[in-house]
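Trainee: The structure that follows is given in the form of structure tokens.
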Amino acid sequence: MKKRKYRRLSGREREEISRGLASGAGMVEIATRIGRDRGTVSREVGRNSGRSGYRAFSARNRARASASSRKLGKRILAGRAPLREYVTKKLVARWSPEQIVKTLEREYPRDMSMRISHEAIYQYIYVLPRGSLKQSLIKGLRQERAWRRKRYKGRKSEETRGKIANMLSIEERPAEVAARTVPGHWEGDLIMGKHKRTALGTLVERTTRYTMLVPLKAKDAETVRKEYARALRSLPRDLAKTLTYDQGKEMSEHKQFTIDTGITVYFAHPGSPWERGTNENTNGLIRQFFPKGTEFDKVPLRDIRRAQVLLNDRPRKVLDYEKPFEAFTRLVALNS
């Protein structure tokens with residue numbers, strides 16, 4: 001059966017809804033009167049002040065304003081092919097509309113044809129017809145954020161996994177790490193795969209937000225130690241000074257890791273993800289590429305490398321819209 005095309009409510013239909021509500025009629029009865037689905041009427045009333053506050057005139061004006069706004073992004077991009085291609089390419093690469101807008105201003109400072117607001121980009125995406133293009137663009141707007149536990153001023157959360165021997169607490173970490181004034185201080189974590197059988201290592205530099213994704217054949221302490229050491233040893237010594245980690249057992253060989261790399265490991269308090277906020281936020285961005293349920297032992301190395309490149313090639317608001325790759329490369333050049 002052919003699906004009927006949706007028609008927007010007319011002024012006459014809105015007047016009939018208003019009269020029906022005033023007489024005390026129910027949603028089903030009103031919907032029957034105007035030949036509409038009950039859900040259509042219910043949504044119309046709900047987004048326009050409810051039964052007691054619904055007014056046909058106000059509802060019509062609000063609908064017109066909303067329709068005009070939705071068409072804005074489509075109108076701008078439809079007439080500017082270079083801008084449309086730029087925006088689409090960046091959305092596919094998981095850039096946010098705000099990142100796109102700020103980078104356009106930097107890359108095309110005098111070209112007003114390469115200008116658009118982030119609101120117009122959002123509207124452009126949502127007025128697209130359903131299909132693979134719309135789905136791929138919407139993915140760039142989604143960020144799975146790890147639930148952040150409430151910070152208690154009193155006693156720290158109890159750790160149930162047992163203590164790691166000879167830990168250095170985050171409280172002993174140099175002040176320059178917290179201040180982010182000196183580069184070379186990293187945060188690390190594991191992103192778990194399906195049923196926690198596999199994992200992907202993540203390392204984030206606190207000053208530049210440069211991210212390294214570390215493929216792992218296993219998630220035991222020895223494997224994690226060796227692979228993290230391999231990744232960090234590829235950097236200039238001044239850009240790999242400390243690592244802040246949670247109290248996961250995969251970092252139980254931290255002393256040998258320090259011997260191998262010269263990098264001191266500090267451990268956050270249990271149940272305190274905000275103490276590694278940079279890493280927690282980055283893990284949320286990484287989940288755009290590897291959603292929950294990913295089996296990392298089946299992910300090709302090229303896909304992991306591609307995700308790392310895309311993450312570091314995004315302009316970041318916290319860096320005044322500089323890219324992590326740009327910021328980190330500048331530091332590498334200074335320390336080479």
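Trainee: What is the extension gain from residue 197 to residue 80, computed as 0.36 nm multiplied by their sequence separation minus the C-alpha to C-alpha distance, in nm to one decimal?
Mentor: Residue separation times 0.36 nm, minus the Cα-Cα distance, leaves 37.3 nm.
Trainee: Still on this model: For an R0 of 35 angstrom, estimate the FRET efficiency from the Cβ-Cβ distance between residue 58 and residue 274 and round to the nearest 0.05.
Mentor: The computed FRET efficiency comes out at 0.20.
Trainee: Straight-line reach from residue 163: which aspartates and glutamates have Cα under 19 Å away, leaving out those fewer than 8 places along the same chain?
Mentor: Within the straight-line limit of under 19 Å, residue 163 reaches these aspartates and glutamates: 171, 172, 189, 220, 222, 246, 250, 253, 275.
Trainee: Let me ask another. What does the extension gain come out to for residue 334 and residue 249, with contour length at 0.36 nm per residue minus their alpha carbon separation? Kindly include the intermediate steps, with their values, before the conclusion.
Mentor: On the way: separation 85, 0.36 × 85 = 30.60 nm, distance 3.57 nm.
Value of the extension gain: 27.0 nm.
Trainee: In nm, to one decimal, how far is the modelled label at residue 237 from the one at residue 310, with both set 7 Å along Cα→Cβ?
Mentor: 3.8 nm
Trainee: Evaluate the distance, in nm, between pseudo-label points positioned 7 Å from the Cα of residue 223 and of residue 106 along their respective Cα→Cβ axes.
Mentor: The two pseudo-label positions are separated by 3.7 nm.
Trainee: If you don't mind, another one. What is the gain in length, in nm to one decimal, between residue 23 and residue 172 on full extension, counting 0.36 nm per residue of separation less the C-alpha to C-alpha distance?
Mentor: Full extension from residue 23 to residue 172 adds 46.6 nm.
Trainee: Obtain the nm distance between the two label points defined at residue 303 and residue 8 by a simple spin-label model: each point lies 7 Å from its Cα along the Cα-to-C-beta direction.
Mentor: Here the answer is 4.2 nm between the modelled labels.
Trainee: List the GluC sites (Glu not before Pro) in the range 260-312 that DSSP assigns to loop (not H, G, I, E or B) and whose Cβ has at most 13 other Cβ atoms within 10 Å. Which are they?
Mentor: Qualifying residues, ordered by number: 295.
Trainee: Could you pull out the pairs from 194/323; 217/255; 217/249; 196/323; 89/292 whose alpha carbons sit more than 20 Å apart here? Mind dumping the intermediate values first?
Mentor: Values: 194/323 31 Å; 217/255 22 Å; 217/249 16 Å; 196/323 32 Å; 89/292 25 Å.
Too far apart for the 20 Å limit: 194/323; 217/255; 196/323; 89/292.
We did not get these values from a lab; they are worked out from the coordinates using the rules stated. For clarity, every value in this text was computed on a predicted model and none was experimentally measured. Note that each Cβ is placed from the backbone with ideal geometry, even for glycine, and that neighbours are counted across all protein chains shown.
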